[in-house]
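Below is one structure, written out as structure tokens; comments come after it.
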Amino acid sequence: MPAATIRHRHGASFTPITPLLLLSLGKSMTSSTSTSQTKNTVYIAVFAAMIAAMGLLPPITLGIIPVPITLQTLGVMLAGALLGPWRGAMASLVVVVLALAGLPLLAGGRGGFGVFLGPTGGYLLGWILGSLIIGALFKYWVLRITGKTAQFFAGLLSVIAGGIGGIYLCGVPWTAMVTGLDLGTSLLGSAAFLPGDLFKAVVTTLVALTVHRSYRGLMK
Amino acid sequence: MIAAHNTSYLSRIKPGWKFGSLLVLSIALYMITSWQVLLVAFVLSVFLLASARVPMKFLRGPLISITIILGVVFILLGIQTDWLNALRSVLRLLTMCLLAYSVSLTTRFSEMLELFQQVASPLRYVGGNPDQIALALSMTIRFIPELKKVYIEVREAQHARGLANNPLAVTVPLVVRSLKIADETAEALDARGYDSAPTRR
């Protein structure tokens, strides 16, 4: 794969301390935009890797819920809730692109173009929409609420809207279209995953609000 | 689903051609309504996949999962409409998936990424930055094993405290440590003078 080009701005490595300080001061003043862009790219990559790593782990079975829970959509929800709409959607997009390119990143070691053309391909597209919705609602609504309880319920509602509403909105019609089943049956089929998804939504909300409290300015 | 060392004739075709024909064939399959033609297409796709000489161990997992999903679809469709319609749908999907496997499993990952980069390069004209996209993709691959390690470490640490089944006690440290890794990496890139402004070509 073509390596990203790294260009050096200042080549000299043995500069006396004062000019070096001045240089770094000048740098921080002039290139604040490129610094934040690099940071955005790294955040996107780390959260994409988190989504991928969660798919590689064995699914968890909880006593109350019959279907085993894969953690992958937890990563998708977290990316939106923590990084905001644009970066969250990019993190999901990166995972989808890498999976389509053939890396076995999806839950159960799946990957490749067959997944996309198959009946469950729409859910992958839904990830991108889902993290976009969650990110937008968190950025412009949830994080501006001051009351703790109100914030929790607003957060939960946002994660459900994006992480369940947004993802199913793409996945259910896709299954119906690809297989020829009607929408109702297709929706009924995805209902098996609803308890697990609700559980993940609660976890995402609690985690996101806790992290936002200690890591302020994550979404500027 | 990566072509590890595929040396068949399919691996020598340019990836752009393979994906182009996959797209065209998939659209064509949706136009076909006669089940006899679909059956012929299915048999042909089986031969295509067999001619790619892909080791069975790469195929077993995906084939089992697609068979289970399509089995459910077949039964539901058969009950709802008629069995001929169900057969048509399932044959079409199976053909498409087999064609997609033949393309995926005979194309190297690096070729695939190059193709994506070519597809994404017009984004430069609408304000996108293909270099940043390439950086994000390659960095993600590098971070996956690291984050998996962090997850296992956190899980073990919480297990020692009796908190292994508490999702919050595992996820919060995982997220905080990931953010720390991201901050450190961004600082390291800046310290080395990585320039993220789009290159003019």
(request) Can you tell me what the convex hull of the Cα atoms of the protein assembly as shown projects to on average, as an area in nm²? (result) 24.3 nm²
(request) Mind checking B:167-175 for the average number of partner chain beta-carbons within 10 Å of each residue's beta-carbon? (result) 6
(request) Take the Cα atoms of chain B, find their three principal axes, and give me the spread along each one in whole Å, biggest first. (result) 63, 55, 34
(request) Work out, step by step, the length gained on full extension between B:ALA120 and B:HIS159: first 0.36 nm times the residue separation, then minus their alpha carbon distance; give nm to one decimal. (result) 9.6 nm
(request) Starting from the Cα-Cα distance between B:SER138 and B:TYR9, subtract it from 0.36 nm times their residue separation and give me the gain in nm to one decimal. (result) 43.6 nm
(message) Starting from a Cα-only point model with no solvent, please compute log10 I(q)/I(0) by Debye for the stretch B:66-137 at q = 0.21, 0.26 1/Å.
(response) -0.84, -1.08
(request) Would you give the gap between the C-alpha center of the stretch A:78-142 and the C-alpha center of the stretch B:93-123, rounded to a whole Å? (result) 18 Å
(message) Taking each pair of distinct Cα atoms in the stretch A:38-214 once, what is the resulting Kirkwood hydrodynamic radius in Å?
(response) 16.2 Å
(message) With only alpha-carbon atoms in the gyration tensor, what are the semi-axes of the equivalent ellipsoid for the stretch A:105-198, in Å, largest first?
(response) 29, 14, 11
(request) If a/c stays under 1.5 just call it rounded; otherwise compare a/b with b/c (prolate if a/b is bigger, oblate if not). Do that for the stretch B:99-201, with a ≥ b ≥ c from the square roots of the Cα gyration tensor eigenvalues. (result) oblate
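Once Rh is set to the Kirkwood radius over Cα pairs, what Stokes-Einstein translational diffusion coefficient, in µm²/s, holds for the stretch B:9-107 at a temperature of 20 °C and a viscosity of 1.002 mPa s?
Values: Rh = 14.2 Å.
The diffusion coefficient I find is 151 µm²/s.
Coordinate-derived values only; no laboratory data. Quick caveat, the model's predicted, so the values are computed rather than measured. Glycine gets a Cβ as well: all are built from the backbone with ideal geometry, and neighbour counts include every protein chain shown.
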